[in-house]
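Rule-based calculations on the coordinates, nothing more; no lab input. Model, not experiment: these values are computed from the prediction. Neighbour counts are summed over all protein chains in view; Cβ atoms, including those assigned to glycine, are modelled from backbone coordinates with ideal geometry.
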Amino acid sequence: MEITAAVVREKFGAFAIEKVELTDPRPDEALVRIVASGMCQTDLHGRDGYYNMPYPAVYGHEGAGVVEAVGTRVTKFAPGDHVVISFPWCGACPNCRRGMPFHCMKSVDLKTRGTRPDGSTLMSKNGAPVYSAFFQQSSFATHAIANERYMVKVKKDAPLEFLGPFACSGQTGAGAVLNSMRPEPGDSFAVFGVGAVGLAGLMAARIAGCEPIIAVDVHEPRLALAQALGATHVINHRGRTDVVAEIRRITGEGVRFSLETSAQPAVLRESVEALIAAGTCVLLGSARRGTEVSFEMPFLQFGRMVRGVIQGESRPQEFIPQLVDFLMQGKMPVQRMMTFYPLADINRAAQHSSDGTTIKPVLRMPN
């Protein structure tokens, strides 16, 4: 079928709105009409050639929409269902077999090769392949093909255009807190960087009952929003060299948990040095290969832990509906960090994401 998609034709190229052909769903796949899709730095990294995905390419991995058709072996979904399309996993590697799909050992290939696992493409134009299947969806388009096991059914009374970011940034930040850290009420918490991922983590810390909740960033508007969403203290990092000392002043000795989203080595070191003994720092920031950071070994010996987390260590079919419930209850108002753009304005959305004008761009698809 003919669909409209945002196509990138070269490294660092602009998004171009084009008509392309989308293949039919296979027996274990569904055709989803995309209502809205969040935009993430990962999409812009793809545009700019960070991955091995060939061009021309269609990105987008935070798609939310309505099922229009299902393959003959699909049993959990039917036309008319509202869904969020989440991250892919192979189901066969040692981590998948242990119930850890978020740490799938083939995830990078599944997310960024631009094809189905068997090498087939989802989109084409004039008979030539358009590489899609980004995170096995490519949701910067009016329609997407998704495998049944990567889709999550959501309530029809939930605002569908708010839900796409739960597929990645929302569940990454919130899951790092609720699934990985698992704080107890009264545990101290600091988040370094309050973009979309950091704010999701902050709201989850508030849900968990953390106290105090400290937000660190360089943008005053983001710090103001962090405070409105539950931060008890905010620190503007710009020009300051005493961030760790300020956190210790607020807490007495440091925080039980810290969340690092900036991917800057100096900031990661601060997020570790802000920990109390036996505290845990979770790294979410996505650094380029070869980026290094150092810590004092005696400091780490006192039970402090530094660990990376992918996709919030989420099992999406269970966790995303929980996040939707939090949204509906007013506990996770993710829409407060969103700015909506029509698909035709995708390049403006990308620019606003890069320069910090917008925290979480969300693209609305044309009818």
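Below is a table of values for the structure above.
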item	result
Karplus-derived HN-Hα couplings along the stretch 332-348 (A = 6.51, B = -1.76, C = 1.60, θ = phi - 60°), whole Hz, x at Gly and Pro	9, x, 4, 5, 6, 9, 9, 10, 9, 9, x, 3, 4, 9, 4, 5, 5
5 angstrom amide H check on C281, placed H, neighbours 5+ away	S258, M305, V306, R307
Contact order relative to length of the stretch 174-309, as percent, for alpha carbon pairs under 8 angstrom and 6 or more apart	22
Interchain or long-range residues, amide H under 5 Å from A16's placed H	V7, V8
Efficiency of FRET from Cβ geometry, F340 and E253, R₀ 41 Å, rounded to 0.05	0.45
Backbone HN-Hα couplings from phi across the stretch 142-156 [Karplus 6.51/-1.76/1.60, Hz, Gly and Pro as x]	6, 9, 9, 9, 9, 5, 3, 6, 9, 9, 10, 6, 10, 4, 6
Helical mean residue ellipticity (222 nm; -39500 (n - 2.57) per DSSP H run of 4+; nearest 500) of the chain	-7000 deg cm²/dmol
Added length on full extension, which subtracts the Cα-Cα distance from 0.36 nm per residue, A278 to E68	70.6 nm
Dipole magnitude of the chain about its Cα centre (Cβ charges: Lys, Arg +1; Asp, Glu -1), debye to nearest 20	360
Gain on full stretching of the segment that runs from E318 to N367 - 0.36 nm per residue minus C-alpha separation	14.6 nm
Whole-Hz couplings from phi, Karplus 6.51/-1.76/1.60, listed for the stretch 56-64; x for Gly and Pro	x, 9, 10, 10, x, 9, 10, x, 10
Most positive-pole-ward Cα, N95, F15, M1, against dipole of the stretch 1-139 from beta carbon charges	N95
Length added when fully stretched, D48-M305, from 0.36 nm per residue minus Cα-Cα	89.2 nm
Taking N as its residue count, the alpha carbon Rg of the stretch 174-309 over 2.2 N^0.38 Å	0.94
Cα-Cα pairs of the chain separated by more than 36 Å (percent)	20
Separation in nanometres of the label points that stand 7 Å from Cα toward Cβ, at K125 and E292	4.3
Amide H contacts under 5 Å for K106, placed H, 5+ residues apart	C90
Computed label-point distance, nm, for sites K153 and K11 using a 7 Å Cα→Cβ extension	4.5
